[in-house]
Amino acid sequence: MRPLPWRAAKLVEIRQETRTARTLAFAVPGWPGHLAGQHVDVRLTAPDGYSTQRSYSLAAPEDGDRVELTVELVADGEVSPYLTEVLEVGDLVELRGPVGGWFVWRPESARPVLLVAGGSGLVPLMAMIRARRRSAGLAPFHLVYSIREPAQRLYPAELDRPDPGLRVDYLYTRATPGGYGRPPGRITRADLLTADPDADCFVCGPTGFVEAAADHLIALGHDAARIRTERFGPTGG
Amino acid sequence: MAIVSRGFQGRRREESVKLPPGQYLTYDFPVLSAGPTPRIPLDRWEFAIDTEAGQTHRWTWPELMALPAEQPTVDLHCVTKWSKLATHWRGVSLDVLMADVETTAEYALVYSYGGYTTNLPLEDLLDGKAWIAYAFEGEELEPQHGGPARLLVPHLYLWKSAKWVRGIRLLHEDWPGFWETAGYHDYGDPWREQRYQGD
Ligand SMILES: Cc1cc2nc3c(=O)[nH]c(=O)nc-3n(C[C@H](O)[C@H](O)[C@H](O)COP(=O)(O)OP(=O)(O)OC[C@H]3O[C@@H](n4cnc5c(N)ncnc54)[C@H](O)[C@@H]3O)c2cc1C
């Protein structure tokens, strides 16, 4: 078996999603394709040969040589400030993947799906939402998305557009839009009460968020074997 | 030959520490698991070693606590790129647990509460290289880090150090575990950067 090769990835498009997050579209010649939920390893190399790697989820379903990532700035970070503030169209990074054969959703599945996202944990779940829409899938999807405040929502226009069979609930932890029914606060069991108890669950976000959400789902009677998790980092909303 | 990314400098490196390729240093303790964190009450906990001949050796929690413990200080390397140095653990060496186990098996399949599995050659569990660990930095091991007890086999990527460990099955053949079936490397040596199949 041959190793997954490092491939040159040229930035072809930038979309600023929020003040601190942007979507980067790369052209990656030879990209083998991927499933919704998988991620890539990104490698950056400095002129003196120093290099470092981080993982980023694939934000969109397979699309030829095009690979999209959405990166949220982590203050004091080594890689995310470079990707969100320095990298320009035409610049090169190296990328290898796709990686991860467990946290994936396949369009063939008609089973109900619950997506629970904390902050940038939405990224791989958005790839699933997009893959479902593209395949005109019949699986009912329910997204529960927790962010600090409205301005932090990723892909707001796309998620506000009607998408039959997709339900979206927002949880705000610090500040809500005017007149919002739910007071600001972290995810509780009540926030997951209306989820289909038989759904395939994908939970993604900072570690603390994933721990809390997965514990609530277990307490509500979800089968642990149907809960798949991806933990992005140690801290955050 | 690596491609240089324009304008990338990287963080000031600490020249004194040498990390495996592609790893960076962290001071927190990140968590990686494929599903929810199982909670196992100690009065129902047990650890087993199942031999290829069908014999099972079992330990309850009080029996594990009664065995001589070691306090290894080890470096951890996670396949998601972070490394954490000089972590302090307390646990029972696999050499102690294997002392009375008769086997000619070459492979081990480690299994956990919650259904996780991982495989490795049996020799990687012996000769002071692996522990059933139940305390971290002087505290009992938290559930999200694998408590009440996890395998600790620090010379391999951390996914081999199965959290919530429940037993070890000794086998003549190598049997891929959870991440090994999902595209990760069969052996997982961080110094040879064996992250994914084929590395
Ligand atoms: C499988 C996987 C998929 C991922 N997908 C994405 C993605 O789609 N989009 C995305 O933006 N990120 C994603 N991440 C997180 C990403 O890999 C980096 O950890 C993140 O960009 C921070 O890297 P950094 O170099 O900027 O910070 P570092 O230099 O690594 O860390 C700087 C400080 O920030 C803390 N920190 C590290 N990561 C986070 C975090 N996620 N949140 C808050 N604090 C943190 C560190 O503990 C440290 O104190 C993913 C991680 C994994 C494991």
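Taken together, the values in this text are just the output of simple stated rules run on the coordinates, not laboratory data. The structure displayed is predicted, hence computed values, not measured ones. With ideal geometry, Cβ positions are generated from the backbone for all residues, glycine too; neighbour counts draw on all protein chains shown.
Within the set A:Gly233, A:Gly185, the sole residue that is more than 10 Å from chain B (Cβ to nearest Cβ), of a type outside the set (Lys, Arg) and not in a strand (DSSP E or B) turns out to be A:Gly185. A:Val86 passes every criterion in (1) farther than 27 Å from A:Pro206 by Cβ; (2) surrounded by fewer than 16 Cβ atoms within 10 Å (Cβ to Cβ); (3) β-branched (Val, Ile, Thr) apart from (1).
Pick out the one residue from A:Thr176, A:Thr229, A:Thr207, A:Thr194 that is touching a helix residue (DSSP H, G or I) at 6+ places or on another chain (Cβ under 6 Å) and among the hydroxyl-bearing types (Ser, Thr, Tyr). The unique qualifying residue is A:Thr229. For the range A:144-167, residues that are within 16 Å of the ligand (Cβ to nearest atom) and touching a helix residue (DSSP H, G or I) at 6+ places or on another chain (Cβ under 7 Å) total 5. Summed over the range A:200-237, residues that are over 19 Å from the mean Cα position of the chain (by Cα) and buried (at least 19 other Cβ atoms within 10 Å of the Cβ) total 3. Scanning the range B:21-71 for residues that are away from the ligand (no atom under 16 Å from the Cβ) and within 14 Å of another protein chain (Cβ to nearest Cβ) returns B:Pro21, B:Pro36, B:Thr37, B:Pro38, B:Arg39, B:Ile40. Mind listing whichever residues of the range A:78-95 are of a type outside the set (A, V, I, L, M, F, W, C), within 13 Å of the ligand (Cβ to nearest atom) and facing chain B (nearest Cβ under 9 Å)? Within the range A:78-95, A:Glu78, A:Tyr82 qualify. B:Arg195 falls short of the stated requirement of being among the charged types (D, E, K, R), without any contact (Cβ under 8 Å) to a residue 40 or more places away in the chain and closer than 24 Å to A:Trp102 by Cβ.
Residues that are touching an Asp or Glu at 6+ places or on another chain (Cβ under 8 Å) and surrounded by fewer than 18 Cβ atoms within 10 Å (Cβ to Cβ) number at least 3 in the following strands (runs of 3 or more DSSP E) confined to the range B:1-82: B:56-60. Listed conditions (1) closer than 21 Å to B:Ala34 by Cα; (2) crowded, with 21+ Cβ neighbours inside 10 Å are all met by A:Pro197, apart from (2).
Residues considered: B:Val96, B:Val165, B:Val101, B:Val92. Of these, the only one that is buried (at least 19 other Cβ atoms within 10 Å of the Cβ) and out of contact with any helix residue (DSSP H, G or I) (no Cβ under 8 Å at 6 or more places or on another chain) is B:Val165. For the range A:27-55, a residue qualifies if it is outside any loop (DSSP other than H, G, I, E, B), within 13 Å of the ligand (Cβ to nearest atom) and over 18 Å from B:Leu25 (Cα atoms), and the qualifying residues are A:Ala36, A:His39, A:Val40. When the range A:1-55 is filtered for residues that are facing chain B (nearest Cβ under 9 Å) and of a type in the set (Phe, Trp, Tyr), the ones remaining, listed by number, are A:Trp6, A:Tyr50. Within the range A:63-77, being surrounded by 15 or more Cβ atoms within 10 Å (Cβ to Cβ) and within 11 Å of the ligand (Cβ to nearest atom) holds for A:Glu68, A:Leu69, A:Thr70, A:Val71, A:Glu72, A:Leu73, A:Val74, A:Gly77.
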